[in-house]
Amino acid sequence: KCKEEYRLNRENVYKLPQDFLWGGAVAAHQLEGGWREGNKGISVADVMTNGANGVERKITEGVVAGEYYPNHDAIDFYHQYKADIKLFTEMGFKCFRTSIAWTRIFPKGDEKEPNEEGLKFYDDLFDECLKYGIEPVITLSHFEMPYHLVTEYGGWRNRKLIDYFVNFATTVFERYKDKVKYWMTFNEINNQTDYKRGFSIFTNSGIIPKDGENVEETMFQAAHYEAIASALAVQIGHKINPEFKIGAMIAMVPLYPATSDPKDILKAQRAMQWRYWLGDLQVLGKYPEWLLRYQAEHHLEIDRTLEDLDVLQAGTVDYLGFSYYMSFTVSAHGAAETVFAYDEMEDLVRNEYLPASDWGWQIDPEGLRYAMNWMNDRYHIPQFIVENGLGAIDKVEEDGSIHDEYRIDYLKKHIEQMKLAVEKDGIELMGYTPWGCIDLVSAGSGQMDKRYGFIYVDKNDKAEGTLKRSRKDSFYWYKKVIESQGTQL
Ligand code: BGP
């Protein structure tokens, strides 16, 4: 049957489908603001330290008086979303990816009854999108879990979190079942495999390491519970509306061997396995063999029941959402020049063939095609590029214009490779939503200066600015790209 469908749809297989989801992506805590409005509770993102100048961000014990947290008011999307969606419409968006702030629905995370004001906000937001024919694409958990779940339960190291997440997921699936079709469970769920950089484990799992704790074991435990919660949500979602498409969301950064030395090749292969086993849990519904052996060898005690393994099998995702910004290169001979303070297992080196952004992210459009093929060979399910883009400092000219040709160049080259992956390699791709389609607070730094948008927002790191929105050159460019179905780049 599958073959038959493939043959019948052949005409569409090798080009972007007519209903291709062009759009843009954001996350609630990075643009909404209104952090205490509508009975919203405090999320981990609301109490994170600043990460300017490469300092690692941490979850603090509450809000420090006198500190400024840009995400508390962010770009005020909470109040200005109607005008912003109008701008998205002007660009021709077919979809809009955002997240539901868990703390708007369950302010502390462990309540039984949801907060009606929060539910109403997203009703209005989705209605506004649908009014213009824009499909909402919704992430359930995007680095913004309730802070109370961290202080009271220790974050995702606690099995109880599964119930709280499932309650949250069920509530919003029920409420928006006729408004939202595309969902993702956890944003960049695999970031935490890089647990030695604390930021990823704080944001993904709300884990504040305790003295003497085996953080690796905690990471495996938290990730396991998240995978179970995700699998349960997939099953429940499909019951609530069989039309739902519920995806995984992984951070895709391909890891290349530095040379053809077989030692480099093995090291890069291992690094890929290490970063993507959470994809295996969500797409294949099972643990890879090497990981089970690794955990046993290191005497890591993971609470993992046979029933859990059945849940994983029964709750595999419909598609694979992923972010793509850059590639990494790995050497078995030690990192001569370290690119990031990173898990030493990966020993990253600079790739001499690739330029880098101002933040040191190595720009690699062909890596996108490579990554899509790698994932397709492994998973054979539809893909969705839900983040891609260039973070840069933009300059506003005297007449108010913003000439961001560097951003256009970045996106153009990535779209070219995305099209080759579809047209030449036959990969089924659902859509493309560049990150931060409107300027917002950076997740890595917690600041405004690293901008991704087609739409400029007048606000700086010191909270100065009018919040006025203006169209960058990339705005007009992307509008044409969508209009021409990606043929005019
Ligand atoms: C991804 C996150 C986003 C986003 C993006 C850019 O990891 O899913 O939330 O912020 O990266 O990162 P940054 O904001 O650090 O430039």
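Are there any pairs, at least 6 apart or on different chains, whose C-beta atoms fall under 7 Å, with the first in the range 47-67 and assigned to a helix (DSSP H, G or I) and the second among the small types (Gly, Ala, Ser) and surrounded by fewer than 12 Cβ atoms within 10 Å (Cβ to Cβ), and if so, which?
As it stands, the answer is 47/62, since those pairs meet every condition given.
Given the conditions (1) open to solvent by 20 Å² or more (accessible area, probe 1.4 Å); (2) within 14 Å of the ligand (Cβ to nearest atom); (3) modelled with pLDDT under 95, and given that residue 363 satisfies all but one, which numbered condition is not satisfied?
Every condition holds for residue 363 apart from (3).
Please determine, by comparing only the residues of the range 59-102 that are modelled with pLDDT under 95 and among the charged types (D, E, K, R), which one is most open to solvent (accessible area, probe 1.4 Å).
Top of the filtered list is 61.
Residue 215 fails exactly one of the following numbered conditions: (1) within 22 Å of the chain's Cα centre (by Cα); (2) modelled with pLDDT under 95; (3) among the hydrophobic types (A, V, I, L, M, F, W, C). What is the number of that condition?
Failed condition: (1).
Please count how many residues of the range 448-463 are open to solvent by less than 10 Å² (accessible area, probe 1.4 Å) and aromatic (Phe, Trp, Tyr).
Within the range 448-463, residues that are open to solvent by less than 10 Å² (accessible area, probe 1.4 Å) and aromatic (Phe, Trp, Tyr) number 1.
Across the range 40-76, what is the total count of residues that are basic (Lys, Arg) and over 21 Å from the mean Cα position of the chain (by Cα)?
1
May I ask you to say which residue of 450, 459 is over 27 Å from residue 198 (Cβ atoms), within 16 Å of the ligand (Cβ to nearest atom) and touching a Gly at 6+ places or on another chain (Cβ under 6 Å)?
459
Would you call residue 126 more than 16 Å from the ligand (Cβ to nearest atom), in a helix (DSSP H, G or I) and buried (at least 23 other Cβ atoms within 10 Å of the Cβ)?
no
What's the number of the condition residue 136 fails, among (1) crowded, with 24+ Cβ neighbours inside 10 Å; (2) outside any loop (DSSP other than H, G, I, E, B); (3) not hydroxyl-bearing (Ser, Thr, Tyr)?
For residue 136, the exception is condition (1).
Please indicate, with yes or no, whether at least one residue in the range 465-487 is at pLDDT 95 or above, within 16 Å of the ligand (Cβ to nearest atom) and surrounded by 14 or more Cβ atoms within 10 Å (Cβ to Cβ).
no
Among the residues of the range 340-352, are any open to solvent by less than 30 Å² (accessible area, probe 1.4 Å), at pLDDT 95 or above and more than 16 Å from the ligand (Cβ to nearest atom)?
Checking the range 340-352: not a single residue is open to solvent by less than 30 Å² (accessible area, probe 1.4 Å), at pLDDT 95 or above and more than 16 Å from the ligand (Cβ to nearest atom).
Against the condition at pLDDT below 95, open to solvent by 10 Å² or more (accessible area, probe 1.4 Å) and of a type in the set (S, T, N, Q), how does residue 269 come out, does it pass?
The answer is yes for residue 269.
Identify the residue in the range 385-402 that is under 18 Å from residue 476 (Cβ atoms) and open to solvent by 40 Å² or more (accessible area, probe 1.4 Å) and, among all such residues, is farthest from the ligand (Cβ to nearest atom).
Among those residues, the one meeting the criterion is 399.
Given the conditions (1) of a type outside the set (Lys, Arg); (2) more than 16 Å from the ligand (Cβ to nearest atom); (3) under 29 Å from residue 94 (Cβ atoms), report the number of the one that residue 142 does not fulfil.
Unmet condition: (2).
Would you point out which residue out of 257, 242, 262, 288 is more than 18 Å from the chain's Cα centre (by Cα) and within 19 Å of residue 326 (Cα to Cα)?
Residue meeting the stated conditions: 257.
Within the range 394-439, how many residues are at positive phi and more than 18 Å from the chain's Cα centre (by Cα)?
2
When the range 403-447 is examined, which residues are found to be buried (at least 20 other Cβ atoms within 10 Å of the Cβ), more than 14 Å from the ligand (Cβ to nearest atom), charged (D, E, K, R) and not in a loop (DSSP other than H, G, I, E, B)?
none
In the range 251-266, which residues are open to solvent by 10 Å² or more (accessible area, probe 1.4 Å) and in a loop (DSSP other than H, G, I, E, B)?
Passing the criteria: 253, 258, 259, 260, 261.
Can you name the residue in the range 303-333 that is in a strand (DSSP E or B) and touching an Asp or Glu at 6+ places or on another chain (Cβ under 6 Å) and, of all such residues, is surrounded by the most Cβ atoms within 10 Å (Cβ to Cβ)?
This residue is 330.
Starting from residues that are in contact (Cβ under 8 Å) with a residue 24 or more places away in the chain and part of a loop (DSSP other than H, G, I, E, B), keep the ones in the range 110-123 and report whichever is most open to solvent (accessible area, probe 1.4 Å).
112
The values are calculated or read from the model by the stated rules, or taken from the named source; none is laboratory data. In this text, all values refer to a predicted model and were calculated from it rather than measured experimentally. Note that we place each Cβ from the backbone using ideal geometry, even for glycine, and neighbour counts take in every protein chain shown. Calculation scope for accessible area: heavy atoms of the full protein, side chains included, ligands and nucleic acids excluded. Shrake-Rupley method; radii C 1.70, N 1.55, O 1.52, S 1.80 Å.
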